[in-house]
Every structure is written in C-alpha cells, then in structure tokens.
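To keep things clear, I will list the structure first and then write my remarks on it.
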Amino acid sequence: MLHGGWASVLFSRGHPMDESSGTSGGGTPAVRPRPTPLPCDLRPIWRIAVLVLILNQCRQKRATIEQLHVMNWSVRSRKAQDLFLGYVQGRKAPNEVVVRYDPSLTRAIDFAMGEGIVVRCESLDSNSKGRSPYRLTLSDKGQVLANELVADEGLFAIEKAFLQNIGQKITQGQIADLFKWRR
C-alpha cells in the first residue's frame, strides 16, 4: 500500500483546521501515515496475472509488445472490450479503436521476467517492418501459473470470459492495422 499525500495526513483531534485558533481542534497537529487504497487493476500482481492470461490465450503462448499493449488495453474495461470485439468482428474500423499504451504494463512485464514467469524469445522473422524484433512467451513457471488461474473459476472471471471470446482470432496484421492509420 502507498503512504503519503493529502489523504494520509490526519490530525490528532477535531477538524483539520479550527478557524478560531488556526490549529487542529486546539491541539498540536500530528501527522500519521495512512494506507491509501490502490485500485486492483493498478496493482502489479493483478497486471502480472492478466499478462499471463493474455499470453496463455495467444497463439503458441507468444506475443509482441504491441499485441500485449492492445490486449491489455482491451481487457481493462467493458467499453474497451466492446470496441475491440467490434473491431475483431469487422463491425468497427481501426480508426474507431483508440488503443492506449500503458506504462505500467511495461513494469509488469519487467516484474514477470524478473520472477521467471515470462521470457523473451527472439523473432525468427528478419523482416519485422518496424514491429518488435522479439516476442514474449510464458516460461514453464508461467504456464503453471496460467493453468492455476484458468482452473480457478472465481479468479479473473470477466477477463477470462473476454479472452475466451476473442480466442486466437486476432492476427498480427490486425494489430498493425490499428496503428497504421495514425502514421
């Protein structure tokens, strides 16, 4: 949990600023750190688990950084899920789907690599045309975690249902098309 910021500053008695005396309820202010709740989708452990589920759903359990950013964006909200599913099914054009890169995904990837859950594998495709020259894949340890996450029906039910619905329908070409119109 995080400490600091205005939310964590509490005074010992009364209202934070008693207008009559300029002090906190007549006493000396006491600053005590208090935990600030962090939404679950910002927690590194949530992000790593979703990363594992995404990779588990990809063809050969591998994905480029671009694929991971698109899938990470799409899984995070119902609106993004609907937009992305519409694109995959041909009901939405690439310019109607605005993917947001999330720097915390990069940190989750770093953590997952550090824990040996995800490994980097070099691409055999020498003609990557501006795409990542490597892919990320689940390690044996990552596959064990993926199997445990998939087996537990109470964990990540919404995310798993969405990923199952997408299946392996998304291609690298479709991912590239999402970014072409911006160039």
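Would you mind telling me which numbered condition in (1) of a type in the set (A, V, I, L, M); (2) surrounded by fewer than 21 Cβ atoms within 10 Å (Cβ to Cβ); (3) at pLDDT below 90; (4) within 20 Å of LYS180 (Cβ to Cβ) ILE45 fails?
Against the list (1) of a type in the set (A, V, I, L, M); (2) surrounded by fewer than 21 Cβ atoms within 10 Å (Cβ to Cβ); (3) at pLDDT below 90; (4) within 20 Å of LYS180 (Cβ to Cβ), ILE45 comes up short only on (4).
Mind checking which residues of the stretch 104-131 are aliphatic (A, V, I, L, M) and either outside any strand (DSSP E or B) or at pLDDT below 65 (or both)?
Within the stretch 104-131, LEU105, ALA108, ILE109, ALA112, MET113, ILE117, LEU124 meet the criteria.
Which residue, of GLN89, GLN81, is over 11 Å from the mean Cα position of the chain (by Cα), at pLDDT 90 or above and polar (S, T, N, Q)?
GLN81
Could you tell me which numbered condition TRP73 fails, if it satisfies all but one of (1) at pLDDT below 90; (2) of a type in the set (A, V, I, L, M, F, W, C); (3) buried (at least 17 other Cβ atoms within 10 Å of the Cβ)?
(1) is the only condition that TRP73 fails.
Can we say TYR101 is among the hydroxyl-bearing types (Ser, Thr, Tyr) and either at pLDDT below 90 or not in a helix (DSSP H, G or I) (or both)?
When the stated conditions are applied, TYR101 passes them.
Look at TYR134 and say whether it is modelled with pLDDT under 95, among the aromatic types (Phe, Trp, Tyr) and out of contact with any strand residue (DSSP E or B) (no Cβ under 7 Å at 6 or more places or on another chain).
no
Please find, among GLN168, GLN164, the residue that is at pLDDT 80 or above and of a type outside the set (Gly, Ala, Ser).
Result of the check over GLN168, GLN164: GLN164.
Could you list all residues from the stretch 147-181 that are over 21 Å from ILE48 (Cα atoms), assigned to a helix (DSSP H, G or I) and touching a residue at least 60 places away in the same chain (Cβ under 8 Å)?
GLN172, GLN174, ILE175, ALA176, ASP177, LEU178, PHE179, LYS180
Would you point out the residue of the stretch 94-104, among those that are touching a residue at least 60 places away in the same chain (Cβ under 8 Å) and surrounded by fewer than 18 Cβ atoms within 10 Å (Cβ to Cβ), that is nearest to TRP46 (Cα to Cα)?
Only one residue fits best here, namely SER104.
The values are calculated or read from the model by the stated rules, or taken from the named source; none is laboratory data. Treat the numbers as computed from the prediction; the structure is a model and nothing was measured. With ideal geometry, Cβ positions are generated from the backbone for all residues, glycine too; neighbour counts draw on all protein chains shown.
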